[in-house]
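Before any comments, here is the structure.
The values are calculated or read from the model by the stated rules, or taken from the named source; none is laboratory data. This structure is a prediction, so every number in the text was calculated from the model and none was measured. Neighbour counts run over all protein chains shown; Cβ positions are idealised from the backbone, glycine included.
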């Protein structure tokens, strides 16, 4: 049983490394386009991952499997409902994002439990397709209740 749990944990770590690589790849691959249309690579990164981001979808093939990574970003409408978050994205869309029990959650760059998120925080989630989010990045102080 321990070996299976260890292998599953390693697989999750590898997936997160792949997501980091994917984001880097998007930024590097877009640098040439960004130099022509958005200016510098930093401007392209700001455009894709900056404050204008509502949602992003990237399809990656790993080991013959297709992964459809989704990034959602918006204001937290209310405190977490159990294990899901309700975000109002920049375009006005309301997105309910389930959160995995093993998700990496940070608030202002520091690890935190899901229950520490408060209404009004800017939250970015990363998930593989319709699976629960594996990463939640929150910023701001939100509205204390």
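Data table
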read-out	value
Filter result for residue 83 (in contact (Cβ under 8 Å) with a residue 40 or more places away in the chain and surrounded by fewer than 18 Cβ atoms within 10 Å (Cβ to Cβ))	yes
Residues being more than 16 Å from residue 133 (Cα to Cα) and in a strand (DSSP E or B) - total across region 95-115	1
Region 112-132, subset without any contact (Cβ under 8 Å) to a residue 40 or more places away in the chain and within 25 Å of residue 67 (Cβ to Cβ), residue surrounded by the most Cβ atoms within 10 Å (Cβ to Cβ)	114
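For (1) at pLDDT 85 or above; (2) more than 17 Å from the chain's Cα centre (by Cα), each residue gets a yes or a no:
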{"residue": "26", "(1), (2)": "no, no"}
{"residue": "37", "(1), (2)": "no, yes"}
{"residue": "41", "(1), (2)": "no, yes"}
{"residue": "63", "(1), (2)": "yes, yes"}
{"residue": "81", "(1), (2)": "no, yes"}
{"residue": "100", "(1), (2)": "yes, no"}
{"residue": "103", "(1), (2)": "yes, no"}
